[in-house]
1. Using the Karplus curve 6.51 cos²θ - 1.76 cosθ + 1.60 with θ = phi - 60°, work out ³J(HN,Hα) for each residue of the range 120-133 in order, rounded to whole Hz, and write x for Gly and Pro.
2. Please give the solvent-accessible surface of residue 12 in Å², to the nearest 10, using a probe radius of 1.4 Å with every protein chain present.
3. Applying the Karplus parametrisation 6.51 cos²θ - 1.76 cosθ + 1.60 with θ = phi - 60° to the phi angles of the range 134-140, what ³J(HN,Hα) value in whole Hz is obtained for each residue in order, glycine and proline being reported as x?
4. What number in nm² do you get for the range 31-127 if you take the convex hull of its Cα atoms and divide its surface by four?
5. Just read off the accessible area of residue 212 with the full protein assembly in place, 1.4 Å probe, to the nearest 10 Å².
6. Using the Kirkwood radius built from alpha carbon pairs, what does the Stokes-Einstein equation give as D for the range 77-132 at 25 °C and 0.890 mPa s, in µm² per second?
7. Hey, what do the phi angles of the range 163-171 turn into as Karplus ³J(HN,Hα) couplings, whole Hz, using 6.51/-1.76/1.60 and θ = phi - 60°, x for Gly and Pro?
8. Could you pull the accessible area for residue 130 with a 1.4 Å probe, rounded to 10 Å²?
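The values are calculated or read from the model by the stated rules, or taken from the named source; none is laboratory data. As the structure is a prediction and not an experimental result, all values here were calculated from the model. All accessible areas refer to the heavy atoms of the entire protein, side chains included, with ligands and DNA or RNA removed. Shrake-Rupley method; radii C 1.70, N 1.55, O 1.52, S 1.80 Å.
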Amino acid sequence: MKKYLQIMKGQEVMICILAALISSTSRGVISVIDRYQMGYRNGNLFVVNFINNILATGLATIILIVLQHFISLKFLLRPQQWGRIFIYALLVQLVAYGYSYLYRHLPLIDAVISGKLSDIFIPLALALTTSYFSFKQYSISLISTLIVGLLAFSPRTQKIEFKTWIKGILVIVPLLTLQSAFSPILVSDIHGIPELMGFTIITIYLRLLISFVSLFTTSKNFLTNSGSIKIVKPVVIAYALRAVLTIAAQIAFTIATSSKTSGIAWVLLNMTSLYGVVFGSWILKEKIGKFDVLVLLVVTLMTLLTK
């Protein structure tokens, strides 16, 4: 029996790590698209997020139609469940706004450093909400954060004003910490991957609602931005690709963070921006050195070895 439980726990960890890798790499590409939309085209935070959510909702609707033929979605009708889904969706959308802010003001490599600092607080926040704490995993979080912190001494990153960095950190770190702390308990009553997929799809609908309200409660003067409105072929492709990746990333993210061992997943999930740096060097031609790639490989390897 003990051996069986160990096997089951090992499988849970493997699924958690795999889902986190799918989510983080998908989000890595998404971060490049967002950097292009926010930083290069100077797109408006609320407009871009609203369009993204419309397209993702369209794909989610197709998946939901197919999914309802295979599983019962009655659990979504429970009032208390909708409250949890809404809070979950709100946290996800706030983090999306936080990253949009980062990509507007910071290159991808600097967004990495800002977001990575949350790894210091996430395991502690998870310990408070789930009573799960692994000293080994926390040590990996601290060490990986210190390693990524070395990138701050790169000549490329020293061009950024310290005040801009601090603002980015104050925006994204609290949001990531809150999201990681409450995600496991918000999905604790959902069991099995099909139900988690249903939960995620409803989350996408609610994110559209939240972004709609945010869009139309914002000053019209603030929303006016030619970079957000002008649509050309590369932009259409970017929006379409982002919609597909959003579905994949969100489903994998929900699976990864629903596990009691999600502490290890969050180390990988928070490497999203670092993956984005690599993809950004290929697609946007943002400079990246061999040391940056080495950091990515070392931190990823450290995470996998904790298994």
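1. 6, 9, 4, x, 5, 5, 5, 4, 6, 8, 10, 6, 10, 8
2. My reading of the accessible area for residue 12 is about 80 Å².
3. For the range 134-140, the Karplus curve yields 10, 4, 5, 5, 5, 4, 5 Hz.
4. Working: hull surface 33.5 nm².
Approximately 8.4 nm², given one-decimal rounding.
5. Here the residue's solvent-accessible area equals roughly 100 Å².
6. Estimated via Stokes-Einstein, D reaches 182 µm²/s.
7. 4, 5, 4, 4, 4, x, 5, 5, 7
8. Accessible surface of residue 130 is approximately 50 Å².
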